[in-house]
1. Tell me, in nm to one decimal, what length is gained between Lys106 and Gln10 on full extension, where the rule is 0.36 nm per residue of separation less the Cα-Cα distance?
2. How do Thr145, Thr7 stack up against each other in accessible area, from largest to smallest, with a 1.4 angstrom probe?
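The values are calculated or read from the model by the stated rules, or taken from the named source; none is laboratory data. Model, not experiment: these values are computed from the prediction. Accessible surface is based on the protein model in full, side chains and every heavy atom, while ligands, DNA and RNA are left aside. Shrake-Rupley method; radii C 1.70, N 1.55, O 1.52, S 1.80 Å.
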Amino acid sequence: MDALRNTMTQAELVLVRILGFNVNVELPHSWIASILYGMAWWEQKGVPPDDTELVDVQIKNVARLSWLIANDMVIAGLVDREPVQAMAAACILIALRESGVPLPAKNLAEWADVWARSSASRVGRVQQLIEDHVDIDKCKRDCSTSNCSKDIAYDSQ
């Protein structure tokens, strides 16, 4: 039985190599956590937020919704189309808008440059891509249910 399992595993690896599948895809979730942590740090004038203290409810809602949008983006197969930082930033932008939280910058170009390490036009394209393929209203409903009641950790492990 072990020989059969090893043969199947080797055959799968050969198939993956032949077809050129990229099985190492960076996901936007760690970037979402890092960006939101940085934004919270910035809001507190350079004082890092204590993970044990109560973080602003609006930021928690933005974090939850961003996370759910990123999950649905992964399910829709959008993760390898654009840089991961731009994907994370687009998820956060959508979540900010849907939560009624203003953009914490003078304009989108400034925010995208600082937090997404990308241009505003690229983040805008990714945002449109997400909105075309992800049901944002479903994510909002999911975020308001008890399934989304756990806090998102702000570490980027």
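1. Working: separation 96, 0.36 × 96 = 34.56 nm, distance 5.38 nm.
Taking 0.36 nm per residue and subtracting the Cα distance, the gain is 29.2 nm.
2. Result, largest first: Thr7, Thr145.
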